[in-house]
Structures are given as C-alpha cells and as structure tokens.
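J.: One structure, pasted below without further comment.
A short reminder: the numbers here are calculations on the coordinates, not readings from a lab. Keep in mind that this is a model prediction, so the values were computed, not measured. Please note: Cβ atoms are built from the backbone with ideal geometry, for glycine as well, and neighbour counts cover all protein chains shown.
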Amino acid sequence: MNKLTKQQLATRDELIAKLRSEQVALAEAITKANDLIDKARGEVENAVTHYNEALVNLEAFRDEIVEAIDEYMGEKSDKWQESDKASSYNDWKGEFEGADLSALEITMPDDIEDPGVEHAELAEGWPEQPE
C-alpha cells in the first residue's frame, strides 16, 4: 500500500465527523450534568443550613436539661452525692452531655470536567501516505 485510498479517506472523514458529533454530545451531557449538580448542591446546602439551625435548638434544649440536672444535684447533700442515686443522675446527665450535636457538614461532588478530547484532531493529522 503506497497511500490511503479514496475509500479509506472517505471512511476516515466519516469516522472523524461522527467522532466530532459525539464530542459535541459529550460536552452537552457534561454541561447538563453540571447544571444538575449545581442545582442539587444548592438544595443540599439549603437543607443542611435548616438542619443545622434545628440542631442548634436541640443543643440549647440539651444544655438546659444538663443545667437543670446540675442544679438538682447541686442542691443535694454530700451524702447523696456519694449515693447510687447520684451515680444514676451522673450517668443520666452523661447521656445528654455525650451526645454529639456537631453541625452537619456534607461535601458535594465537584463538577464534571470536560476531558478535552482531541482524538478527531489526532486522526485528522494522520498522513495519507509515507513521506
């Protein structure tokens, strides 16, 4: 074979055209996916904000309960402080104090990057014959 035939050149050109068409479709799909990711990111961030606001209220309630238990226990005698009842109250208070009410953080996925494919350009650069 000395060079590519007209049929081979035509086939190459058809394949490159199809590849370019699919490259456009890929870019459109990536754009659409990123738009959906952006929308979802906004919805999740909004939900997390509202969740964390509710969590702050629960934390304040928990702190009130712990304070009330401390006040109750503080009013008791030294003998009571050493009793099994006091131990039960300390355990009960510990259930509240040990609750992890840290703010919720969610990491959202990054946008999908266009891979910047250049296969069509590569194929267009193939020589038709040896030099």
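J.: Of these, Gly116, Gly42, which one is assigned to a loop (DSSP other than H, G, I, E, B) and small (Gly, Ala, Ser)?
T.: From the options Gly116, Gly42, the qualifying one is Gly116.
J.: May I pose another question? Suppose the filter is acidic (Asp, Glu), surrounded by 12 or more Cβ atoms within 10 Å (Cβ to Cβ), in contact (Cβ under 8 Å) with a residue 24 or more places away in the chain and part of a helix (DSSP H, G or I); does Glu22 pass it?
T.: No.
J.: From the list Leu9, Leu58, Leu36, which one is under 39 Å from the mean Cα position of the chain (by Cα), touching a residue at least 40 places away in the same chain (Cβ under 8 Å) and assigned to a helix (DSSP H, G or I)?
T.: Leu58
J.: Is segment 8-16 home to any residue that is loosely packed, with under 12 Cβ neighbours inside 10 Å and either closer than 30 Å to Ala123 by Cα or charged (D, E, K, R) (or both)?
T.: yes
J.: Quick one: how many residues across segment 105-131 are exposed (fewer than 12 other Cβ atoms within 10 Å of the Cβ) and either over 30 Å from Met1 (Cβ atoms) or of a type in the set (Val, Ile, Thr) (or both)?
T.: 8
J.: Here's another thing I want to ask about it. Inspect segment 62-75 for any residue being exposed (fewer than 13 other Cβ atoms within 10 Å of the Cβ), touching a residue at least 12 places away in the same chain (Cβ under 8 Å), assigned to a helix (DSSP H, G or I) and of a type in the set (Ser, Thr, Tyr) and give the result as yes or no.
T.: yes
J.: Here is a further query. Tell me which residues, restricted to segment 76-91, are part of a helix (DSSP H, G or I) and surrounded by fewer than 12 Cβ atoms within 10 Å (Cβ to Cβ).
T.: Asp78, Lys79, Asp84, Ser87, Ser88, Asp91
J.: Here's another thing I want to ask about it. Being touching a residue at least 12 places away in the same chain (Cβ under 8 Å), part of a loop (DSSP other than H, G, I, E, B) and of a type in the set (A, V, I, L, M) narrows it down to one of Ala123, Ala103, so name that one.
T.: The conditions single out Ala103.
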